[in-house]
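Notes follow once the structure below has been shown.
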Amino acid sequence: MLKTEKYEDLTIITTGRGFLGAYIYPVYSYLLDDLLIDTGTTICRNQLLDFLDDKVIKIIVNTHAHEDHVGNNAILNERRDITLYAHREAIKRIENPALLDLRRYQKFTWGVPQSSKPSEIPSEIKTKSHLLEVIHTPGHCPGHICLYEPTKKWLFSGDLHVGKLSLEVQPFENLLQIMTSLEILTNYEVKEIFCAHLGHIPNGNMVLQNKLAFLKNAKEHAEKLYSEHLSLKEITNQIAGKETIMKVITKGHMSKLNGIKSLLQMQ
Ligand SMILES: [Zn+2]
């Protein structure tokens with residue numbers, strides 16, 4: 001399922017598997033002049049290619065190497081003269097998606113990307129009418145980047161999940177690194193955030209501050225309960241509440257327990 005909308009001169013593209021007209025888990029790509037930020041899921045390949053057919057794309061930037069962000073790199077790159085960029089630490093996994101070690105639920109929801117060959121991203125990306133700063137923001141995974149447009153004060157935040165106050169994460173996510181990345185981002189003046197899973201989020205700086213405060217509080221709380229010898233399960237229940245259906249669906253790959261372990265550096 002593919003939907004598009006405009007925000008000023010930005011095109012917001014939503015891809016993902018649909019069920020009864022709703023997305024199971026939407027993924028947002030962004031088209032700004034001739035720059036495409038992330039290429040979505042393979043699930044929507046034909047719809048995305050149709051939509052982009054009459055658009056000029058010269059640069060693709062992947063915010064990171066995950067399957068729902070690089071899904072159509074290869075086919076777009078094959079058909080057009082495009083420069084593909086990613087952070088140096090993401091390149092290996094984009095070249096060899098087997099390294100992502102995808103679980104069944106990930107393959108079902110987002111598909112399996114083909115290999116593509118990005119170049120190391122420079123510190124700035126220039127489009128026809130915008131200049132974007134590249135900010136290294138690891139934590140969700142190594143080689144994760146955000147893009148910042150200083151004139152508009154727009155932040156393309158990839159998978160930092162800035163609008164989501166949750167500890168339900170996958171085991172590779174490092175919440176302490178995410179906190180450091182959020183601290184870096186709070187030095188920027190951010191009006192609008194364009195998230196890879198929640199789309200357009202206004203009040204950028206407030207949202208970044210809220211997420212950082214949420215993680216800091218959770219970390220302090222978890223450390224206190226751990227020092228009082230509570231079990232990890234009890235700590236999880238007290239801080240984050242009971243696990244959701246996601247833990248069952250993903251066979252434990254996505255859980256609140258993962259978040260607590262990450263905050264306590266027990267991954
Ligand atoms: Zn991701």
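The values are calculated or read from the model by the stated rules, or taken from the named source; none is laboratory data. Computed from a predicted model, the values in this text were never measured in an experiment. So basically every Cβ, Gly included, is an ideal-geometry build from the backbone, and we count neighbours across all protein chains shown.
Go through (1) assigned to a loop (DSSP other than H, G, I, E, B); (2) at pLDDT below 95 one by one and return the number of the condition VAL248 breaks.
The single condition VAL248 does not satisfy is (1).
Please enumerate the residues belonging to the range 77-107 that are hydrophobic (A, V, I, L, M, F, W, C), within 16 Å of the ligand (Cβ to nearest atom) and at pLDDT 95 or above.
Keep residues of the range 77-107 that are hydrophobic (A, V, I, L, M, F, W, C), which gives 82, 84, 86, 90-91, 94, 98-100, 102.
Imposing the further condition that a residue be within 16 Å of the ligand (Cβ to nearest atom) reduces the set to 86, 90-91, 94, 99-100, 102.
Those that are hydrophobic (A, V, I, L, M, F, W, C), within 16 Å of the ligand (Cβ to nearest atom) and at pLDDT 95 or above: ALA86, ALA90, ILE91, ILE94.
Taking the range 220-267 only, how many residues are among the charged types (D, E, K, R) and surrounded by 15 or more Cβ atoms within 10 Å (Cβ to Cβ)? Write out each step before concluding.
Looking only at the range 220-267, we keep the residues that are among the charged types (D, E, K, R), and these are 220, 223-224, 228, 233-234, 242-243, 247, 251, 256, 261.
Still in the list and also surrounded by 15 or more Cβ atoms within 10 Å (Cβ to Cβ): 243, 247, 256, 261.
Going through the range 220-267 one residue at a time, the tally reaches 4.
Going residue by residue through the range 63-70, is there one that turns out to be at pLDDT 95 or above, closer than 24 Å to TYR7 by Cβ and not in a loop (DSSP other than H, G, I, E, B)?
Checked against the condition, which is being at pLDDT 95 or above, closer than 24 Å to TYR7 by Cβ and not in a loop (DSSP other than H, G, I, E, B), the range 63-70 yields at least one hit.
Looking at (1) away from the ligand (no atom under 16 Å from the Cβ); (2) closer than 20 Å to GLU173 by Cβ, can you tell me which one LEU225 breaks?
(2)
Any idea which of (1) buried (at least 19 other Cβ atoms within 10 Å of the Cβ); (2) away from the ligand (no atom under 14 Å from the Cβ) is the one GLN114 doesn't satisfy?
(1)
Tally time: how many residues in the range 109-126 are touching a residue at least 40 places away in the same chain (Cβ under 8 Å) and outside any loop (DSSP other than H, G, I, E, B)?
The qualifying residues number 3.
Please work out if ILE135 is in contact with a His (Cβ under 8 Å, 6 or more places away or on another chain) and more than 19 Å from TRP110 (Cβ to Cβ). Explain how you work it out, then say what you get.
Details: in contact with a His (Cβ under 8 Å, 6 or more places away or on another chain): no; more than 19 Å from TRP110 (Cβ to Cβ): yes.
In short, no.
Scan the range 183-214 residue by residue and report those that are without any contact (Cβ under 8 Å) to a residue 40 or more places away in the chain and farther than 22 Å from GLY241 by Cβ.
The answer is GLU183, THR186, ASN187, GLU189, LYS191, ILE193, ILE201, PRO202, ASN203, ASN205, MET206, GLN209.
If you check ILE135 against the conditions, is it of a type in the set (A, V, I, L, M, F, W, C) and within 15 Å of the ligand (Cβ to nearest atom)? Spell out how you get there, then give the answer.
Values: of a type in the set (A, V, I, L, M, F, W, C): yes; within 15 Å of the ligand (Cβ to nearest atom): no.
Against the criterion (of a type in the set (A, V, I, L, M, F, W, C) and within 15 Å of the ligand (Cβ to nearest atom)), ILE135 does not qualify.
Taking the residues in the range 146-182 that are within 12 Å of the ligand (Cβ to nearest atom) and part of a strand (DSSP E or B) as candidates, determine which candidate is surrounded by the most Cβ atoms within 10 Å (Cβ to Cβ).
The extreme case among them is SER157.
Report every pair of residues separated by at least 6 positions or lying on different chains whose Cβ atoms are under 8 Å apart, first residue within the range 220-235 and over 13 Å from LEU263 (Cβ atoms), second of a type outside the set (Gly, Ala, Ser).
Close Cβ pairs satisfying both conditions: LEU230/GLN238; LYS233/LEU257; GLU234/LEU225.
Answer yes if at least one residue in the range 228-243 is within 26 Å of TYR105 (Cβ to Cβ) and within 16 Å of the ligand (Cβ to nearest atom), and no otherwise. I'd like the intermediate steps shown before the answer.
Here is the first cut: in the range 228-243, the residues within 26 Å of TYR105 (Cβ to Cβ) are 232-233, 235-237, 239-243.
Still in the running and within 16 Å of the ligand (Cβ to nearest atom): none.
Checking the range 228-243: not a single residue is within 26 Å of TYR105 (Cβ to Cβ) and within 16 Å of the ligand (Cβ to nearest atom).
Which condition does ALA74 not pass, out of (1) crowded, with 19+ Cβ neighbours inside 10 Å; (2) within 16 Å of the ligand (Cβ to nearest atom); (3) closer than 30 Å to LYS251 by Cβ, if it passes all the others?
(2) is the only condition that ALA74 fails.
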